[in-house]
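Reviewing the structure listed below.
The values are calculated or read from the model by the stated rules, or taken from the named source; none is laboratory data. Model, not experiment: these values are computed from the prediction. Reconstructed Cβ throughout: ideal geometry from the backbone, glycine too, with neighbour counts over all protein chains shown.
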Amino acid sequence: MTEDEREGNDFGAQPLDTILDGWKITNHQVVDISPEQLTHKQVQRARGGRKLTLKMKQKLARSVNFAVWSRLNNGERDTYVEYFPKHLFSYNKGYEAEAGDPNKALYDDLGARKVRPDFLKELGGE
């Protein structure tokens, strides 16, 4: 692959990276809770700006929503706005940089929170 081709597929750090950092959610946590078949490498590439297919962007959006939703209490869940690819990727159709993160007001230190037991039970876990 030439340098020009590589630049065409690399869009730099994505809003996904900022959003996951804001929620204090790691790549491992996204992969671990995901209902999809998702790898650490896929999440890392997405955060770094590698151009992804629509299907992969949708898979990542669902996985991010699961990772956040699984840690929110009922009151927080009521105000949570589901993420779509247009929120997570600057090269996605419909992306608006000015819009920012619709859930920024909900940011909390979720790194210390564990996945809710009722959510794990729904997923067939412990």
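Report, by residue number, each residue of segment 96-111 that is among the small types (Gly, Ala, Ser) and either surrounded by 10 or more Cβ atoms within 10 Å (Cβ to Cβ) or touching a Lys or Arg at 6+ places or on another chain (Cβ under 8 Å) (or both). Correct list: ALA99, GLY100, GLY111.
For segment 50-69, taking the residues that are of a type in the set (Gly, Ala, Ser) and in contact with a Leu (Cβ under 7 Å, 6 or more places away or on another chain), the one that is surrounded by the most Cβ atoms within 10 Å (Cβ to Cβ) is identified as SER63.
Every condition in (1) closer than 22 Å to LEU120 by Cα; (2) modelled with pLDDT of 95 or more; (3) basic (Lys, Arg) is met by LYS55 except one, and the failing one is (1). Residues that are surrounded by fewer than 17 Cβ atoms within 10 Å (Cβ to Cβ), assigned to a helix (DSSP H, G or I) and touching a strand residue (DSSP E or B) at 6+ places or on another chain (Cβ under 8 Å) do occur in segment 39-49, at least one of them.
Residues of segment 61-98 that are part of a loop (DSSP other than H, G, I, E, B), within 17 Å of GLY22 (Cα to Cα) and without any contact (Cβ under 8 Å) to a residue 60 or more places away in the chain: SER70, ARG71, LEU72, TYR80, VAL81, GLU82, PHE84. Taking the listed residues ASP101, ASP21, ASP118, the one that is among the acidic types (Asp, Glu) and part of a loop (DSSP other than H, G, I, E, B) is ASP101, with no other qualifying.
Taking the conditions (1) of a type in the set (S, T, N, Q); (2) at pLDDT 95 or above; (3) under 13 Å from the mean Cα position of the chain (by Cα) in turn, SER34 satisfies each one other than (2).
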